[in-house]
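Working notes, beginning with the structure itself.
Readers should treat all values here as calculations from the given coordinates under stated rules, not as data from a laboratory. The structure presented is a predicted model; accordingly, all values stated were derived computationally and were not measured. So basically every Cβ, Gly included, is an ideal-geometry build from the backbone, and we count neighbours across all protein chains shown.
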Amino acid sequence: MHVAYISMAYPRDESSVARIFERRLVYHLKDLCDISILTLSEDPNLDEYYIDGVKVKTIKIEPYARIQRLYDTNQGFAGNILNFVRDRRIFHRTWKALKKLHARKKIDAIFVASFSQFAIYSLLFARIHRIPILTQCTGYDVDVLPEINYGIRLKWGREKLYSVLACKYVDVLLPNSQGIYEDTFLRDIKDRVRVLFQGVEIDKFKRTTRKKLKHDGELMVLNVGGLEKVKGWVDIVETARILKGRKIKFVIIGSDADISKFNELIKKYKLNNIEFKGKVPPNKIKKYYEKTDIFFFPSKSEGLPNALLEAAAMEVPLIGSGRGGTRDVIKDNYNGYYLKKGDPEAFAKKIIYLAENPSLRLKMGSNARKHVQQYQWYMCAENLIKIINDVLSKRQKGN
């Protein structure tokens, strides 16, 4: 089986979830099928690079990509025209790359690593050549249709237009959690939807120190999500305010998008039990999981939260809320506590209960690691191949 894998745009942050997904999936996928990878690139000098020995051919999107920086805010009519001109160029170059690949060795399926416009660039070629195309729906990339009522909504524009077309014509949509499937429009087109869980590096995120049942100092409550509204940082601050005066310290890691608002609230409430660490390199994040006693994730909506998977693998009990994949990972009263909606008072009660019951923390932490054993990268790759085989089999029967 020959699979054309349309990767995310390059270059990007090596520590990004998308980049990690790409590398870990390819590592296992290359042993299960013949895989060719294409990726968009803004680097005019980069023709190819390698992921675990697999060559990645680039589809160059310059010089419009450089001009695009002048229109980062989509400045009116001129910005929209430039976007469509740029997209036309990407359509054409993607077509040429796929045509060349298909001529060399017949493509059996096209797998697109991201929803919306990434899928649309490959869609016409796939339809004309009767090649099934599958694309991921990993979280915010399904927030583009107003009827979803899920997380951030985008106004009418090219991204929504492309997403409407992708939803209508892509053969299989692959949400990365059962929660996304249940909470979005995907449940209404279930015949074209298959859940494809992403993975966590179980061997990498493994506790090496014994957890303390009793603390002489502060209990540590960790969040890896950062100061973005959708991540629920305001609920973390409000919970910290309720628990002010107790030996409980809150630590937040991630984006500093709302740092000024965060500092205003800290000053307003006179809090000294919460600390923002900013972005932490992937090779240093594990030490925070090692030290933490409770992982707190009050996000409003998620795909399948990578941070939750990592914390669970590190045997940390979980407390979280929101729509999407959070409840896939947090099983209430088994490996932590799940609340459908953010409620600082309820969060505070759960944190206090775990703080006062160290043996329960230990048990829930152990259960958390047991639960995420089902989220491993080799399983993700195997499931993808199974889904592709099912699609190809149905097509053959249809013929």
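Before moving on, here are some points about what is shown:
- Look at where the Cα atoms of the stretch 166-192 and of the stretch 303-360 average out, and the two centres are 26 Å apart.
- Taking amide hydrogens as placed 1.01 Å from N in the peptide plane, the amide H of Ile274 sits under 5 Å from those of Phe250, each at least 5 positions away in sequence or on another chain.
- Taking a straight line from the alpha carbon of Lys100, these lysines sit under 16 Å away, with near neighbours fewer than eight places off in the same chain left out: Lys55, Lys57, Lys60.
- Exposure proxy for Ile59, Ile387: other Cβ atoms within 10 Å of each Cβ, ordered fewest to most, give Ile387, Ile59.
- Computed E for Gln373/Ile259 - FRET, C-beta separation, R0 45 angstrom, nearest 0.05: 0.75
- Calculated FRET efficiency for the pair Asp188/Lys106, C-beta based, R₀ 30 Å, to 0.05: 0.35
- For Val234, the shell of other residues with beta-carbons less than 9 Å away shows a net charge of -1, using +1 for Lys and Arg and -1 for Asp and Glu.
- Calculated diffusion of the stretch 219-374, Stokes-Einstein form, Kirkwood radius summed over Cα pairs, 4 °C and 1.567 mPa s, µm²/s: 86 µm²/s
- Cα→Cβ-extended label distance, 7 Å offset, between Thr208 and Lys287, nm: 1.1 nm
- Under 15 Å from the Cα of Lys370 - aspartates and glutamates, other chains or at least 8 residues apart: Glu201, Asp203, Glu310, Glu315, Asp328, Asp332
- Backbone N under 16 Å from the Lys340 label point (7 Å along Cα→Cβ), restricted to the stretch 168-200: 179-180, 182-184
- Note on Ser366/Leu32: beta-carbon distance plugged into 1/(1 + (r/R0)^6) with R0 of 41 Å gives a FRET efficiency of 0.80.
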